[in-house]
Amino acid sequence: MTDAILVVNAGSSSIKIELFAADDALASLLAGQVEAIGLAPRLFLRDAAGTTVADQAWPQGEGPRDHRAALAAIGAAVARAAADRRIVAIGHRVVHGGAARAAPVVIDPAVRAELAALTPLAPLHQPHNLAGIDAMAELHPGVMQVACFDTAFHRGHPWVADTFALPRAFHARGIRRYGFHGLSYAYVAMRLRDVAPEIADGRVVVAHLGNGASMCALRGGRSIDSTMGFTALDGLPMGTRSGQIDPGVLLHLIAAEGYDAAALTRLLYHESGLKGLSGLSSDMRALEAAGTAEAAEAIAYFVYRIRRELGALAAVLGGLDALVFTAGIGENSPRIRAAVCDGMDWLGIALDAAANARGAMAISAPESRVRVLRLATDEERMIAIETLRLLRG
Ligand code: AMP
């Protein structure tokens, strides 16, 4: 039996899982997920060669009904497919670590209670993360569990970046900017040290453009500001989330149109962003293929807000040495990368159109003062790295 680390990323409608060999190389052994939990669930697992080792779909209304059942199902599938591995630690993606947690932590009953107390700050995500922790404690009793936070990487922000101009007592109550996607940014910052060490300590903006989207300003490999704030709603428009919005709009909807918290949550989290603007889809691929005026306008708004934040974060950094695109859209859409960089020569950005079109890692032109890169993010690997570090004490 050889040792392995299991990584669990329990999101709102899907659970991703990945098994890594517990040594320095952290080779990926198995990866899979359960999708459409509570609807028509599907579970699949693939091994390192990409061969499907488990694939199960249930009709509507059958199969695992909730996260707990889905976690038990995929946990059992992993145990069957990796019978020759001993799971020695389990790392979890946890969306919120609060203001204090700047690093991953081994979960004990006190930490479990601390994370549960943060649920009001992330009601759509934290309960699923906790369900993942509880399910794994049941499946693998006594095995070390580690919480890795989406907020932790941003804990070094200066006060002005993390504060709202509300009466001071609100900040003390936790009403402040936390920033998210921290595991992705930590991974990209680490990768930069390998692939472009000459800029890894410079002034870097990372654009994590996926179904969730945000941007982060890095100096010396550390986050100094991010477009996401108190929740993962702020900043860029996303698949179904609005991004930045004048709070006066919300006051108006409450006072004049009868919206309550549930209706606002539905609107801002599930009906807005690319989906709301296009009236078609939250999926960038579908919008790029659609060719309708509304889809084009949704894409234009997405690009406009990225460019606006790029200017703002460059100002925060006092200049720019590198721009990095990552996540589903950032890694895979030459069109979006080109549109973001178009006419940005004033900032020192010149894209190499051919390198961008073929999806090279280095996509800036030789004369570009700012390096532009396309890097694949890997939040699961980042969790495995942190979990291994804590396992070794
Ligand atoms: P993520 O949340 O990081 O998995 O990213 C999901 C987003 O990436 C969705 O909007 C996808 O449509 C988008 N995406 C994935 N592949 C492509 C592609 N080849 N071109 C454009 N968008 C893509």
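FYI, it's all coordinate maths here, none of it is from the lab. All figures in this text were calculated on a predicted structure; none of them were measured in a lab. A quick note on method: Cβ atoms are made from the backbone with ideal geometry, for glycine too, and the neighbour counts reach across all protein chains shown.
Once the Cβ-Cβ distance of residue 76 and residue 376 is raised to the sixth power relative to R0 = 30 Å, the FRET efficiency obtained is 0.50.
Summed over all non-identical Cα pairs, the Kirkwood treatment of the range 77-124 gives a radius of 13.0 Å. Distance from the C-alpha centroid of the range 337-382 to that of the range 235-260: 33 Å, rounded to the whole angstrom. The length gained by stretching the chain between residue 160 and residue 23 to full extension, at 0.36 nm per residue less their Cα-Cα distance, is 45.3 nm.
Scaled against the 2.2 N^0.38 Å expected of a compact globular protein of N residues, the Cα radius of gyration of the range 249-346 reads 1.31. Quick check: the angle from helix 67-81's long axis to the longest principal axis of the chain, C-alpha only, nearest 10 degrees? In the chain, helix 67-81 runs at an angle near 70 degrees to the longest axis.
Inverting the pair-averaged 1/r between distinct Cα atoms of the range 169-246 gives 13.3 Å as its Kirkwood hydrodynamic radius. Net charge of the neighbourhood of residue 316, taken over other residues with C-beta under 11 Å away and scored Lys/Arg +1, Asp/Glu -1, is 0.
Rounded to 0.05, the FRET efficiency of the residue 345 and residue 173 pair, given R0 = 41 Å and the Cβ-Cβ distance, is 0.35. Computed over neighbours whose Cβ is under 13 Å from that of residue 67, the net charge equals -1, Lys and Arg +1, Asp and Glu -1. Over the C-alpha atoms of the range 159-306, the Rg to Rh ratio, Rh being the Kirkwood estimate, stands at 1.03. Normalised by the number of residues in the chain, the average gap of Cα pairs under 8 Å and 6 or more apart makes the relative contact order 14 percent. Estimated translational diffusion coefficient (Stokes-Einstein, Kirkwood radius over Cα pairs, 20 °C, 1.002 mPa s) of the range 84-177: 148 µm² per second.
For the range 308-389, what D do you get in µm² per second when you plug the Kirkwood radius from alpha-carbon pairs into Stokes-Einstein at 4 °C and 1.567 mPa s?
Working: Rh = 13.6 Å.
Calculated translational D: 95 µm²/s.
Here the spin labels are modelled as points 7 Å beyond Cα on the Cα-Cβ line, and at residue 360 and residue 195 they lie 1.3 nm apart. Three semi-axes describe the equivalent ellipsoid of the range 5-103; taken as square roots of 5 times the Cα gyration tensor eigenvalues and ordered largest first, they are 23, 20, 10 Å.
Mind checking the range 287-385 for GluC sites (Glu not before Pro) that DSSP puts in a loop (not H, G, I, E or B) and that have at most 13 other Cβ atoms within 10 Å? It would help to have the intermediate numbers written out before the result.
On the way: sites: 288, 294, 297, 309, 331, 367, 379, 380; in loops: 367.
Loop-located and lightly packed - 367.
First measure r as the distance between the Cβ atoms of residue 58 and residue 367, then evaluate 1/(1 + (r/R0)^6) with R0 = 41 Å and state the FRET efficiency to the nearest 0.05.
Approximately 0.15, to the nearest 0.05.
Axis of helix 247-257 versus longest Cα principal axis of the chain: the two differ by about 80°, to the nearest ten degrees. Principal axis analysis of the Cα atoms in the chain yields extents of 57, 55, 46 Å, listed in decreasing size. Free of any trypsin sites (Lys or Arg not before Pro) that DSSP assigns to a loop and that have at most 10 other C-beta atoms within 10 Å, the longest stretch within the chain is 174-357.
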